[in-house]
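Down below is the structure, laid out as structure tokens.
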Amino acid sequence: DLSLLRFISAELTRGYFLEHNEAKYTERRERVYTCMRIPKELEKLMFFGIFLCLDAFLYIFTLLPLRVFLAMFRFITLPCYGLRDRRLLQPAQVCDILKGVILVICYFMMHYVDYSMMYHLIRGQSVIKLYIIYNMLEVADRLFSSFGQDILDALYWTATEPKERKRAHIGVIPHFFMAVLYVFLHAILIMVQATTLNVAFNSHNKSLLTIMMSNNFVEIKGSVFKKFEKNNLFQMSNSDIKERFTNYVLLLIVCLRNMEQFSWNPDHLWVLFPDVCMVVASEIAVDIVKHAFITKFNDITADVYSEYRASLAFDLVSSRQKNAYTDYSDSVSRRMGFIPLPLAVLLIRVVTSSIKVQGVLAYVCVVLFYCGLISLKVLNSIVLLGKSCQYVKEAKMEEKLFNTVPTATPGKPAGKPQSMFKSTHGLSTDGNGSTSVTNQPVHQKDNTPSLLVTSNSDQFLTTPDGEEKDISQDSSELKHRSSKKDLLEIDRFTICGNRID
């Protein structure tokens, strides 16, 4: 007989056994453990990536001027030695000179941009306008970063590719002016970002700074509830590394400008310190929450961040090879979308306008500071190279680095420069049209296993097994080839598509 008393008694004494669904509860517990591991694994990746960006950034101030000086010295003294080579300068030296000339031209162009006028113009706007302007600047910065390295790569290749007629070298001029215009506009864009952040720091009620920091949490809404595969998460991680390093440089610029206004009073630095900590803490908190829930919703383990770290380490180790096909700073730009030239131009402009060098002692301090930067760059590079070799060895990726050089066919060149430039896919073609592996960094799929464990949900993102033919042999096969990618082939081309709603 059913009764209210019996129903209440059954509800109070009803039992159940969780072990009847052991697999489900074990999976839920593993998800909790994964979320707890995410902060540690993510910050290890971020720490390594930020020092990679620092290495590429310090290269602009330390080794690049020395390399430009050596290239110019070779160019000037070349008649003394005679033309032993077909090239006046090596391709790497040509690229170094182009970078140096772009840096100097853009630096002098930045003198025509008045920072003080820009600051007061932005300060006179309302809070809501500044909030909208800051969001627009973030979108524009990602778009500039996505397209900027393409412009620079086009200039480098146009200046160094073999040409049959000397009149063909005239094509370098429009590419050079396009690169100068890009670096100048991107530097102005970053200056406006730094100025807006400076206005937020100096506002009395800090409402603008609070709104700008809360804007970071909107990023969680745009990312967490989307479908992510491992390769997409790798692109997002690279973009987060670039964004965090750029914010650190922007904070450095804001502190320099504020310290200059207060006559370098050290007490004012403690006034800025809480705001700087709030900006850094909000970035770290947003990244941790975002990555924790992305990995939870997409069933991605925390071990994937060690694979990402190994892929970044592979770029560094491969760039140190004798026949590397790119400079490491350019490799970081392609991978993360971090282009150091505009940021370096702005930082040099701010430092030279904030610090006055007068007297012999001041110049001695500048020389000592430059020597300190070189020491920091060398030390950072040595430590990064050692760690990178360790990560590559742990990921068992050494076989992708060391490959035998193919023997050239009699009467045929060992490798065409065009195919060397296309070696981002790890393959070059010989005279017979067959694919051959060089000792450059390769992304080969025939003899090496994929870096990621392929699941049914991400099979369309990994490179298929089997023989890959050169694109120039049969372009019609591109239509039938799926868009599968390995981690080593991921670059910044699709970063904007993932980050902008």
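The values are calculated or read from the model by the stated rules, or taken from the named source; none is laboratory data. What you see is a predicted model, and the numbers here were worked out from it, not measured in a lab. Every residue, glycine among them, receives a Cβ derived from its backbone with ideal geometry; neighbour counts consider all protein chains shown. Only protein heavy atoms, including side chains, enter the accessible area calculation; ligands, DNA and RNA are left aside. Shrake-Rupley method; radii C 1.70, N 1.55, O 1.52, S 1.80 Å.
Numbers for the structure displayed
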{"quantity": "Any hit, segment 53-69, residues being surrounded by 12 or more Cβ atoms within 10 Å (Cβ to Cβ), touching a Lys or Arg at 6+ places or on another chain (Cβ under 6 Å) and polar (S, T, N, Q)", "calculated": "yes"}
{"quantity": "Count of residues meeting criterion [part of a helix (DSSP H, G or I), of a type outside the set (D, E, K, R) and closer than 25 Å to Arg29 by Cα] in segment 285-313", "calculated": "14"}
{"quantity": "Residue within segment 282-305 that is of a type in the set (A, V, I, L, M), more than 18 Å from Leu45 (Cα to Cα), modelled with pLDDT of 90 or more and surrounded by fewer than 17 Cβ atoms within 10 Å (Cβ to Cβ) present", "calculated": "no"}
{"quantity": "Residue count, segment 322-352 (criterion: of a type in the set (S, T, N, Q), in a helix (DSSP H, G or I) and more than 15 Å from Phe245 (Cβ to Cβ))", "calculated": "2"}
{"quantity": "Near pairs, Cβ below 7 angstrom, 6+ apart or cross-chain, from segment 268-288 (within 21 Å of Gly222 (Cβ to Cβ)) to any residue that is modelled with pLDDT under 85", "calculated": "Val279/Met213; Ser282/Met213; Ser282/Asn216; Glu283/Asn216; Val286/Asn216; Val286/Phe217; Val286/Glu219; Val286/Ile220"}
{"quantity": "Test: Tyr308 is at pLDDT 85 or above and not aliphatic (A, V, I, L, M)", "calculated": "yes"}
{"quantity": "Cβ pairs under 9 Å, 6+ apart, first in segment 135-164 and free of Cβ contacts under 8 Å to residues at least 60 places away in the same chain and closer than 14 Å to Ser331 by Cα, second of a type outside the set (Val, Ile, Thr) and open to solvent by 40 Å² or more (accessible area, probe 1.4 Å)", "calculated": "Asp150/Phe493"}
{"quantity": "Within segment 1-117, helices (runs of 4 or more DSSP H) holding 3 or more residues that are modelled with pLDDT of 90 or more", "calculated": "22-61, 63-81, 91-110"}
{"quantity": "Segment 353-391 - residue that is in a helix (DSSP H, G or I) and basic (Lys, Arg) and, of those, most open to solvent (accessible area, probe 1.4 Å)", "calculated": "Lys387"}
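The rows are residues; the columns are (1) within 25 Å of Arg123 (Cβ to Cβ); (2) of a type in the set (Phe, Trp, Tyr).
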residue	(1), (2)
Lys163	no, no
Tyr182	no, yes
Ser203	yes, no
Asn247	yes, no
Leu250	yes, no
